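Have a look at the structure below before the remarks.
The values are calculated or read from the model by the stated rules, or taken from the named source; none is laboratory data. These figures come from a predicted structure and were not determined experimentally. Glycine gets a Cβ as well: all are built from the backbone with ideal geometry, and neighbour counts include every protein chain shown. These area figures cover heavy atoms from the full protein model, side chains too; ligands, DNA and RNA do not enter into them. Shrake-Rupley method; radii C 1.70, N 1.55, O 1.52, S 1.80 Å.
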Amino acid sequence: MKKQELINYIDNKLMAQIYKGQMPKICRIVADYVEAHREEYLRFPYLNRYFAEGRPDFNLVLWQQMSVLARAFRNNVNRILAENYFAHYEEPQRPFSVFGYVDAGVSYSENSDRIHAENLCGFKYAAMNTLFLLHVSNHFTCGHNMSDDPQIQMALRAIGGLNRFDLADDEKEHAAKAVECGYLYREKDMLYTRILVCPLEEEERLFEVSGRLSEGHFEQEAQEVAEQIAVLIKKSIPKHLFGEWRFANALASMALENLMENELIKQGILTPPKDGIGAEGCWLSVG
């Protein structure tokens, strides 16, 4: 089956509007959930000094969780579609599927990158993670070399604190750039890492709280979206393509993370960085 055949049948803008119409309600649920679990989020053992001193930055934590929060709703819709609307249609058995979609030049920022290095700045292993977000500029892309990036190395060195007077002149210049891009912050003569720092041995627990959001919190809203998506799929595409419903829903929900990001900012739950440059959506894992 050619993916183009499926895509040609779908009015993606119409399907995307189904998700968009639910955004205020979905994001209110998300807002209530993260606030109810604030203390649990903040108990995660981040290595940053401001956490150790009882000055956690909940805004940075929520930006870090954005992809998982958005995925929680999509997963509910997929589950309901599978159970209630397409249970009798066999899904394609293939190792993977690739498809592309161009929406009048609009780029959807739902992706992430991870780079890593060994034996760097005193750590056996260090990884840098970033989300592709609508309101935050990317610090790097796939293939970036941490060993050649002095700003990232400053972030690693400053986890426990770094006296700026101990730096050579060229290091001070790198540190200033690291402060400017959001990697570091300064307190008097000391520099500290601002981007979130996660212990490598705790990394599997990083998204546990947000992952539980998919357990019954969106049932009514997900049912409404799934019903409308199912009606549109069955109306738009021929029956022999019904097994491809999961890809149709993937197209419909492509802008979900961007829509949620915009709505959470509108509701005052997320605060974007000034000029899109900051520590939001970026974190280190070290061990």
Worksheet item: Quick one: what does P(r) look like for region 30-99 with 10 Å bins over all Cα pairs, in whole %?
Response: 15, 32, 23, 19, 11, 1
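Tell me the mean residue ellipticity at 222 nm calculated for the chain from its helices only (DSSP H runs of n ≥ 4, each -39500 (n - 2.57), averaged over every residue, nearest 500). Can you show the working numbers first?
Details: 12 runs with 124 residues, N = 287.
So the calculated ellipticity at 222 nm is -13000 deg cm²/dmol.
Determine, from the Cβ-Cβ distance of residue 265 and residue 190 and an R0 of 45 Å, the FRET efficiency 1/(1 + (r/R0)^6), rounded to the nearest 0.05.
Values: r = 32 Å, r/R0 = 0.70.
Computed FRET efficiency for residue 265 and residue 190: 0.90.
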Response to the item:
Nearest-0.05 FRET efficiency for residue 89 and residue 14 at R0 = 25 Å, using Cβ-Cβ distance, is 0.70
Fill in: Heavy-atom SASA rank of 121, 282 (probe 1.4 Å, accessible area, largest first)
121, 282
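Just the number please: accessible area per residue for the chain, 1.4 Å probe, all protein chains included, in Å². If you can, show how the numbers build up before the last one.
Details: 14180 Å² over 287 residues.
On a per-residue basis, the chain sits at 49 Å².
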Worksheet item: With all protein chains present and a 1.4 Å probe, how do 88, 174 order by accessible area, largest first?
Response: 88, 174
Worksheet item: What whole number of Å gives the distance from the Cα centroid of region 191-260 to the Cα centroid of region 119-134?
Response: 25 Å
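Net charge within 11 Å of residue 182 by Cβ-Cβ distance, Lys/Arg positive one each and Asp/Glu negative one each, not counting residue 182 itself? The partial results should precede the final answer.
On the way: positive: 177, 194, 274; negative: 180, 275, 280.
Neighbour charge sum, excluding residue 182 itself: 0.
Among rounded, prolate and oblate, which fits the chain when a ≥ b ≥ c are the square roots of the eigenvalues of its C-alpha gyration tensor, a/c under 1.5 means rounded, and a/b larger than b/c means prolate?
Values: a/c = 2.44, a/b = 1.98, b/c = 1.23.
Cα axes put the chain in the prolate bin.
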Item to complete: Determine the share of the chain's accessible area contributed by carbon and sulfur atoms, expressed in whole percent, with a 1.4 angstrom probe.
Response: 49 percent
Worksheet item: Any idea what angle helix 256-266 forms with the longest principal axis of the chain, computed on alpha-carbon atoms, 0 to 90 degrees, nearest 10?
Response: 60 degrees
Worksheet entry | Set of lysines with alpha-carbon distance to residue 172 below 30 Å, sequence-local pairs under 8 removed | 124, 188, 274
Worksheet, complete the sentence: For residue 13, counting only lysines whose alpha-carbon sits under 30 Å away and dropping same-chain residues fewer than eight positions off, the answer is 2, 3, 25, 234, 235, 239, 266
Fill in: Average projected area [Cα convex hull, region 203-257], square nanometres
5.1 nm²
Practice prompt. Exposed loop chymotrypsin sites (Phe, Trp or Tyr not before Pro) only (DSSP loop, at most 15 other Cβ atoms within 10 Å): please give the longest stretch of the chain free of them, not including the sites.
Written response: 102-287
